[in-house]
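What follows draws every value from the coordinates through simple rules; no lab data is involved. Treat the numbers as computed from the prediction; the structure is a model and nothing was measured. Cβ sites come from the backbone with ideal geometry, for glycine too, and all protein chains shown count toward neighbours.
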Amino acid sequence: MADGMTITIDDRTISAQPGQTVLEAAQAAGIYIPRLCHREGLTPGGACRVCVVLVNGRPQSACTLPVTPGMVVENDSPRMHEHRKRIIEMLFVEGNHFCMFCEKSGNCELQALAYRFGIAAPRYPYQFPRRSVDASHPDIFIDHNRCVLCARCIRASRDLDGKNVFQFVGRGVHKRVGVNARARLVDTDADVSDAAVEACPVGAILKKRVGYAVPVGMRLYDHAPIGADIEAEAKA
Amino acid sequence: MAKPKVATTSLAGCFGCHMSLLDIDDRILQLVDLVDFDKSPIDDKKHFDGPVDIGLIEGGCCNEENVRVLQDFRTHCTTLISVGDCATMGGIPAMRNGIPLAECYAEAYLNGPSVHNPSGEIPNDPELPLLLDKVYPCHEVVKVDYHIPGCPPPADALWQALVALLTGKPLALPYELIKYD
Amino acid sequence: MADNKRKIIREICQSCGDDPTRLMDIVRAVQMRLRCVDDEAMDLIAKAVNTHRVEVAGVVSFYAFLADQPLGDIVIRLCDDVIDEMAGSKYVAEALRSELGIDFGQTTPDGRFTLAWTPCIGMCDQAPAALVNDVPVTELNSDTARRMIHELREHMRPELLVTRVGDGNNAHPLVQSMVKNNLRHAGPVVFSPVNRGEAIRKALAMTPVEVIRAVKTARLRGCGGAGFPTGMKWEFTRAAAGERKFIIANADEGEPGTFKDRVILTERSDRLFAGMTIAGYAIGASEGILYLRAEYAYLRRYLEEVLAARRAENLLGRAICGRPGFNFDIRIQMGAGAYICGEETALINSCEGRRGEPRNRPPFPAQHGYLGGPTAVNNVETLCCVTKVLEVGPGTFSELGTGVSGSAGTKCLSISGDCRAPGIYEVPYGTTLRSVLDMAGGSEAAAVQVGGPSGKMIAPAEYDRRICFDDLATGGSVMVFSRRRDLLHVVSRFLDFFIEESCGYCTPCRVGNVLLKERVDRIRHRRGNTTDLDYLRELADTVKLTSRCGLGQTSPNPVLATLEKFPHAYTVLMPPNGNGALAPFDLEAATGDARAVVHRERQHSTAVEENRNG
């Protein structure tokens, strides 16, 4: 560990490597920093803001910020917990998240975050936006009602699939994921084996004909919260 | 000492949450020992007799009658609990929120595949409550004290919540009992 | 027709070297020629510049002045600023609506006119104002608006609407605009007379490092509002590794109530271009970009001519002032209607032909900016100050303020709203808000918004605070509100602006501002309760703390400022027993649609009500 350094996260001093982000260094040390738009193997986005931590008192997204020696990071404090809860609740009211019939339920990262944070109902009024579904592709469908605009599909398609099937169009409340065709996914070169399809944290991009395959009780987040695997490594 | 009173209702819901409440199995006997039911479909009581300790609301508000019943519950109940996804976020009925109301009426009374309506008119009987512009979660209409999500919430969640409230303990559901499906 | 379209697009792309980083210029040109960038155009452009179609769609849909459906031959964009509203823009809007027979957001069936609202166009001192294509039309009222439509129907040439030109260079043959400068108070820095080559020659007599040192000694700080030390920014950019370095002048002022850059560009562009050239010399850049907001397109031809004149005098180009090896030139990059592009990394994305979304930092532009090269982005006013620093020397410059620590020189304020003499005031740093209000005839103000919607709302008790970096730091906007104004309405309109201009990249800004507005409006409509005040504070807190860029980090400021300084504005609207248990749900409003559909009269339901109660 010639180039190593130490940083402090919530009173724990951990070692970190140059080039790591705060999120990566924490994870390597068994500390889970909640995140949604981050996915291993993708360029960090810094979009969802769930991973925002205080670094030497200043808010920064842990997924984009490189470590520097001696950094003091506030992650799991009551106030950051509260900010994160509010962001997760914002995402729930922004879209139309009908968990009760969503194929992704139980394996959904947004839902899992809400479970982890013990959210029984968002405090904000539901926006009930009008959004569309694109079922044109034979093997994939896009349900914009569930999209959280995390850009994971965009980055995966561009960086891993080399296809640029997706890109944001519009801005602000009108922002949505557009496809590389006039309107329909079927007119792009999207394929069901694309990394972009796997990358969706919610039920916005799904493979057809494989929904509900895993029974309730055996799904990813039925029994243990998201991030528990990372934290388990610290204890092991 | 009189037993605490519980009232329940189903607004724009499917009664599934009430079924889940009955799903507490033999604990229903303990529940009957613990509380008296006031206005509720469980005892088929239509009106409040007086103040009630706990009100359980299933379903969101899709029409004006739902709003009045909910307000009535808020007025009578010390603690009001939204039970299930319809009460907490609108649920399946709220899927109509993306559709213009006129189209909803037309589908129900004029164009739906199973509709037989030779008059070709949307009925306007004053006994038919007017639909709201959208389906509202209960806490957007009145103040709601607690939420128990789920479609329906697990019977254990309802049981634990009731026991906690009746014994004056904080209502904090464990990880496995907060589920949205 | 289709062939012709193909030909036009091919020509436009070729004129931009089929370069995808010039996408902004391409789509702007296509929009101008074809009135939109439609599906077919996007396909053709993507093919020509070898990019993905969805990238083109992403750009076109990002900028407010671009459209994928045909706009009218004449697009009338009426400024929807709160200041314009105070000046009567709704009467103008009503006149335009009835005269054209369309609503805002619509195009007349004959395809001749489109009517649209647009955020601040930088004419608050001559409001209500509109852009008719590129032509600013100011001081409108319902009569002049009607007459304007009649005239346009006759000739369809917006430039003919200008029958009387404004002062100064507004009368220049290449500008010919009715816009007035309203330069009420010219100070000794930005608006002092300028000699085209003096400062550059003085700079060239020094080494680049000495120039940076002079700027640091002068204690010059960025005038856009954030106040980062200019010399330090240049030092970083100079020190960063990179063959190609860039200097960008940020002329994308869009914060409502800000219009100082417009007057600087009109009257002192030579001072700006000299500052850019000096910056280029100091950081080792040979390329400069003036990022000009689309709303100021009417100044473009004039500015191009100033640049040409500077080239002719060897103040731009190769071996400037005979100095071998010092090559520097400036191009103008037009924006297309996006306030967020005033954020420096969003501006860089826009210059590269991308969606104007801010970037993650680090890396900072000084290390990795335009086209990956080290880039210094400076405010127009800052660069004008640079020229002054070189003209008079850093010592003299730093003494031009009123001596408040940390703030040297002057600040150009754009004052608008409820005051007798709205316009531009260049005042020494350290001037009190009170004396600013006295100068502008706004001493009766009940509240003053300093620094635009994202800035600070100031109550009368604080009018002795000073315009300077350590107190009232501002990009220049000063909006004056009299007692007649409804402050919560102002807050709501400010939030409208942020909702409209949020890029939507990050959650708290995209969603949080909408939620803030919902709750402020709920309170305004007397349906709030006292718990809503903490709700607002907490929500505002999260939006500020977790948003990715300055927009979301400051957009809740109007809410927080009014809650703190004008709490009465909220509490007076609370229902007497508003503890929230029976939140005053508006059943009447919620059943309005249903009543219309089933044709139910109001008394029916009352009868049922009585029946039930009886």
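Quick look at the values:
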{"item": "Rounded to whole Å, sorted largest first: equivalent-ellipsoid semi-axes of segment A:132-207, Cα gyration tensor", "result": "16, 14, 12"}
{"item": "P(r) tail fraction, segment C:269-309 - alpha-carbon pairs more than 16 Å apart, %", "result": "40 percent"}
{"item": "Rounded to 10°, Cα long-axis angle of helix C:230-239 versus longest principal axis of chain C", "result": "60 degrees"}
{"item": "Neighbourhood net charge (15 Å Cβ-Cβ; Lys/Arg +1, Asp/Glu -1) for B:N124", "result": "-3"}
{"item": "Distance in nm between pseudo-label sites at C:L174 and C:T530 (7 Å out along the Cβ direction from Cα)", "result": "6.4 nm"}
{"item": "Cβ charges +1 (Lys, Arg) and -1 (Asp, Glu), total dipole of segment C:80-215, debye", "result": "600 debye"}
{"item": "Gyration tensor over alpha-carbon atoms, segment A:5-76, equivalent ellipsoid semi-axes in Å", "result": "17, 13, 11"}
{"item": "Cross-link pairs beyond the 22 Å C-alpha cut-off, checked among C:K260/C:K388; A:K85/B:K143; A:K104/A:K208; C:K544/C:K565; A:K208/B:K179", "result": "A:K208/B:K179"}
{"item": "B:K169/A:S77 FRET efficiency (R0 25 Å; Cβ-Cβ; nearest 0.05)", "result": "0.40"}
{"item": "Antiparallel DSSP beta bridges within chain C, percent to nearest 5", "result": "45 percent"}
{"item": "Partner aspartates and glutamates for C:K233 [C-alpha distance under 14 Å; skip if fewer than 8 residues away on the same chain]", "result": "C:E344"}
{"item": "Leading residue at positive end of dipole, segment A:85-207 (Cβ point charges), from A:F98, A:C108, A:P122", "result": "A:P122"}
{"item": "Mean Kyte hydropathy of 0.5 or more with a Cα span along the axis of at least 15 Å, helices from DSSP in chain A", "result": "none"}
{"item": "Förster radius 45 Å - calculated FRET efficiency between A:E40 and C:S405, Cβ distance, rounded to 0.05", "result": "0.40"}
{"item": "Rg and Dmax of segment C:361-445, Cα atoms only, in Å", "result": "17.1, 50"}
{"item": "Dipole moment magnitude, nearest 20 debye, chain C about Cα centre, only Lys, Arg, Asp, Glu C-beta charged", "result": "1180 debye"}
{"item": "Value at 222 nm in deg cm²/dmol, rounded to 500, when DSSP H runs of n ≥ 4 in the protein assembly as shown each add -39,500 (n - 2.57)", "result": "-10000 deg cm²/dmol"}
{"item": "Largest-first ellipsoid semi-axes for segment A:41-103, taking √(5λ) over the Cα gyration tensor eigenvalues, angstrom", "result": "27, 15, 8"}
{"item": "Cα-centre dipole for the protein assembly as shown with unit charges at Cβ (Lys and Arg positive, Asp and Glu negative), debye to 20", "result": "2980 debye"}
{"item": "The protein assembly as shown: C-alpha pair distances exceeding 52 Å, %", "result": "24 percent"}
{"item": "Top positive-direction residue, dipole computed over segment C:60-213 with Cβ charges, set C:Y63, C:C120, C:V211", "result": "C:V211"}
{"item": "Percent of C-alpha pairs per 10 Å bin, chain B, short to long", "result": "9, 35, 32, 16, 7, 1"}
{"item": "Normalised contact order of chain C, rounded percent, pairs of Cα under 8 Å and 6 or more residues apart", "result": "13 percent"}
{"item": "Chain C: projected area of the alpha-carbon convex hull, averaged over directions, in nm²", "result": "30.6 nm²"}
{"item": "Which of A:T21, A:G45, A:Q60, positive extreme of dipole for segment A:5-76 (C-beta unit charges)", "result": "A:G45"}
{"item": "Inter-site label distance for C:E154 and A:V210 at 7 Å from Cα along Cβ, in nm", "result": "7.0 nm"}
